[in-house]
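Below is one structure, written out as structure tokens, with a few remarks after it.
The values are calculated or read from the model by the stated rules, or taken from the named source; none is laboratory data. Only a predicted model underlies this, so the values are computations on that prediction, with no experimental measurement involved. With ideal geometry, Cβ positions are generated from the backbone for all residues, glycine too; neighbour counts draw on all protein chains shown. We work out accessible area using only protein heavy atoms, side chains counted, and drop any ligands, DNA or RNA first. Shrake-Rupley method; radii C 1.70, N 1.55, O 1.52, S 1.80 Å.
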Amino acid sequence: MTKLDINSIQKIFQKRAPNSHKGNHGHALIIAGSKSKIGAAIICAKACLRSGAGLVTLNIPKKERIALFSSVPEAMTEFRGEKKNWTSFNSFAIGPGIGTNKSATNLLRLLITNVKIPTVFDADALNILAKNQHELLNLPQKSILTPHVKEFDRLFGKHDSESERRITASTKAKELHLIIILKGHKSFITDGEKSFENTTGNSGLAKGGSGDALTGIITAFLAQGYEPLNAALLGVYIHGLAADITLETQSPESMLITDVIDNLGRAFKKIQN
Ligand SMILES: NC(=O)C1=CN([C@@H]2O[C@H](COP(=O)(O)OP(=O)(O)OC[C@H]3O[C@@H](n4cnc5c(N)ncnc54)[C@H](O)[C@@H]3O)[C@@H](O)[C@H]2O)[C@@H](O)CC1
Ligand SMILES: Nc1ncnc2c1ncn2[C@@H]1O[C@H](COP(=O)(O)OP(=O)(O)O)[C@@H](O)[C@H]1O
Ligand SMILES: [Mg+2]
């Protein structure tokens, strides 16, 4: 297992060309949020935009659009339940705050049927997959699953220790052709061949919304054309690095994920040097 440090991250990171335009940096579609959890969608979209995606479209319930427009005017929207054309997107994420009811389950099925490029599956998408195990075999190859401990055990069964979870994560990633990020303090990232442990981040991230931001960040890197494993590594590292930079002005208690997203710019500057 490799410890993720700044040197390995600098090798992965690709600088933006000075003459680039938004079309060069990909269009991400994020399926997130519901009536009581529109915050998850807002956090995810903000983090995605702050991580370099050229365009971000959010799939949300139409009733929640005002909250979104007023907090992330840069994002575009498509409304849940309306007819979709998903052929032009360069990356996809599904899960934060969508719930696990029948319509969320159908939306996940629609995505699995129509999308053939690596996708980020997080939060409620993982909870739906846990209840519909056969769908794990139908996910696009090299998709990225981002479970925390509880979501991981829902997906792959109860484990007694973190080391056992890491072994299962590697086995399942290989068997299912996926990338699995087992989140927590020192997140573990594996594609079943190679495994990594993150070295950034702090307990200020132990607060609702932190994982939603990580999903947005990784989706931005996929949109920009990074190989899925590299998108996962860069995403996990820079998410933690932005949180570490936030400790200069906030304590772990006071830190908000919006502060962390605001510090993504400083984190990018650190890895560019
Ligand atoms: N502002 C919003 O709209 C927010 C929406 N959220 C959404 O709410 C839904 C429910 O997600 P939750 O994750 O809160 O609920 P879950 O019931 O899936 O899991 C929460 C529990 O998991 C356990 N856990 C998590 N990380 C752990 C670790 N590293 N070690 C040990 N135990 C750990 C803890 O017991 C924690 O209370 C998701 O769809 C999520 O995206 C949350 O992200 C919170 C913010
Ligand atoms: N103590 C900690 N140290 C480092 N990172 C942490 C710590 N606690 C949480 N995190 C990170 O914060 C994120 C939490 O994700 P998640 O539990 O899905 O949050 P949410 O669903 O509320 O958005 C993960 O990326 C995890 O690695
Ligand atoms: Mg989460």
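Say whether the condition of being over 20 Å from residue 39 (Cα atoms), surrounded by fewer than 16 Cβ atoms within 10 Å (Cβ to Cβ) and in contact (Cβ under 8 Å) with a residue 12 or more places away in the chain is met by at least one residue in region 228-245.
There is no residue in region 228-245 that is over 20 Å from residue 39 (Cα atoms), surrounded by fewer than 16 Cβ atoms within 10 Å (Cβ to Cβ) and in contact (Cβ under 8 Å) with a residue 12 or more places away in the chain.
Under 7 Å between Cβ atoms, at least 6 apart or on separate chains: pull out the pairs that start in region 39-58 with a residue that is on the phi > 0 side of the Ramachandran plot and end on any residue that is at pLDDT 95 or above and surrounded by fewer than 23 Cβ atoms within 10 Å (Cβ to Cβ).
52/25; 52/224
Does residue 180 count as at pLDDT 95 or above, part of a helix (DSSP H, G or I), crowded, with 17+ Cβ neighbours inside 10 Å and within 15 Å of ligand 1 (Cβ to nearest atom)? Outline the logic, then answer.
On the way: at pLDDT 95 or above: yes; part of a helix (DSSP H, G or I): no; crowded, with 17+ Cβ neighbours inside 10 Å: yes; within 15 Å of ligand 1 (Cβ to nearest atom): yes.
For residue 180, the condition - at pLDDT 95 or above, part of a helix (DSSP H, G or I), crowded, with 17+ Cβ neighbours inside 10 Å and within 15 Å of ligand 1 (Cβ to nearest atom) - is not met.
Take residue 144 and tell me if it is within 16 Å of ligand 3 (Cβ to nearest atom), open to solvent by less than 10 Å² (accessible area, probe 1.4 Å), hydrophobic (A, V, I, L, M, F, W, C) and free of Cβ contacts under 8 Å to residues at least 60 places away in the same chain. Outline the logic, then answer.
Working: within 16 Å of ligand 3 (Cβ to nearest atom): yes; open to solvent by less than 10 Å² (accessible area, probe 1.4 Å): yes; hydrophobic (A, V, I, L, M, F, W, C): yes; free of Cβ contacts under 8 Å to residues at least 60 places away in the same chain: no.
Spelling it out, it is not the case that residue 144 is within 16 Å of ligand 3 (Cβ to nearest atom), open to solvent by less than 10 Å² (accessible area, probe 1.4 Å), hydrophobic (A, V, I, L, M, F, W, C) and free of Cβ contacts under 8 Å to residues at least 60 places away in the same chain.
Of the residues that sit in region 108-120 and are in a helix (DSSP H, G or I) and in contact with a Phe, Trp or Tyr (Cβ under 8 Å, 6 or more places away or on another chain), which one is least open to solvent (accessible area, probe 1.4 Å)?
Of region 108-120, the ones in a helix (DSSP H, G or I) are 108-114.
If we keep only those that are in contact with a Phe, Trp or Tyr (Cβ under 8 Å, 6 or more places away or on another chain) as well, we get 111, 114.
Values: 111: 0, 114: 96 Å².
Filtering region 108-120 for residues that are in a helix (DSSP H, G or I) and in contact with a Phe, Trp or Tyr (Cβ under 8 Å, 6 or more places away or on another chain), the one least open to solvent (accessible area, probe 1.4 Å) comes out as 111.
Here is a yes/no grid of residues against (1) at pLDDT below 95; (2) within 19 Å of residue 220 (Cβ to Cβ):
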{"residue": "6", "(1), (2)": "no, no"}
{"residue": "16", "(1), (2)": "yes, yes"}
{"residue": "22", "(1), (2)": "yes, yes"}
{"residue": "45", "(1), (2)": "no, yes"}
{"residue": "49", "(1), (2)": "no, yes"}
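Name the single residue, out of those in region 20-79 being among the polar types (S, T, N, Q) and open to solvent by less than 60 Å² (accessible area, probe 1.4 Å), that is nearest to residue 240 (Cα to Cα). Spell out how you get there, then give the answer.
First pass over region 20-79, keeping only residues among the polar types (S, T, N, Q): 20, 24, 34, 36, 51, 57, 59, 70-71, 77.
Retained after the next criterion (residues that are open to solvent by less than 60 Å² (accessible area, probe 1.4 Å)): 20, 34, 51, 57, 59, 71, 77.
Values: 20: 27, 34: 27, 51: 13, 57: 25, 59: 26, 71: 23, 77: 28 Å.
For region 20-79, the residue satisfying everything is 51.
Where the second residue is assigned to a helix (DSSP H, G or I) and open to solvent by 30 Å² or more (accessible area, probe 1.4 Å) and the first is farther than 16 Å from residue 92 by Cα and of a type outside the set (Lys, Arg) and lies in region 103-130, which pairs have Cβ atoms under 7 Å and are six or more apart or on separate chains?
Here the result reads 127/154; 130/154, each pair linking region 103-130 to a residue that is assigned to a helix (DSSP H, G or I) and open to solvent by 30 Å² or more (accessible area, probe 1.4 Å).
Being under 14 Å from the mean Cα position of the chain (by Cα) and among the aliphatic types (A, V, I, L, M) is the filter; apply it to region 190-227 and report the residue that is farthest from ligand 1 (Cβ to nearest atom).
223
So that you can scan it fast, the table gives a plain yes or no per residue for (1) hydrophobic (A, V, I, L, M, F, W, C); (2) in contact with a strand residue (DSSP E or B) (Cβ under 7 Å, 6 or more places away or on another chain):
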position	(1), (2)
225	no, no
229	yes, yes
238	yes, no
242	yes, no
245	yes, no
259	no, no
262	no, no
267	yes, no
271	yes, no
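Please state which of the following conditions residue 209 fails to meet, knowing it meets all the rest: (1) buried (at least 24 other Cβ atoms within 10 Å of the Cβ); (2) within 16 Å of ligand 3 (Cβ to nearest atom).
Result: residue 209 passes all but (1).
Looking only at region 64-104, filter to residues that are within 16 Å of ligand 1 (Cβ to nearest atom) and in contact with a Lys or Arg (Cβ under 6 Å, 6 or more places away or on another chain); which one of those is nearest to residue 120 (Cα to Cα)?
The residue in question is 97.
Please note which helices (runs of 4 or more DSSP H) are completely contained in region 184-273 and include at least 3 residues that are over 26 Å from residue 21 (Cα atoms).
On the way: elements: 210-223, 228-246, 257-262, 264-272.
So the answer is 210-223, 228-246, 257-262.
Go through 150, 186, 172, 158 for me and flag whichever is buried (at least 18 other Cβ atoms within 10 Å of the Cβ) and either hydrophobic (A, V, I, L, M, F, W, C) or closer than 27 Å to residue 3 by Cα (or both). Lay out the reasoning, then the answer.
Values: 150 fails: buried (at least 18 other Cβ atoms within 10 Å of the Cβ); 186 fails: buried (at least 18 other Cβ atoms within 10 Å of the Cβ); 158 fails: buried (at least 18 other Cβ atoms within 10 Å of the Cβ).
None of the others qualify; the one that does is 172.
Can residue 173 be described as without any contact (Cβ under 8 Å) to a residue 60 or more places away in the chain, farther than 25 Å from residue 133 by Cβ and of a type in the set (A, V, I, L, M, F, W, C)?
When the stated conditions are applied, residue 173 does not pass them.
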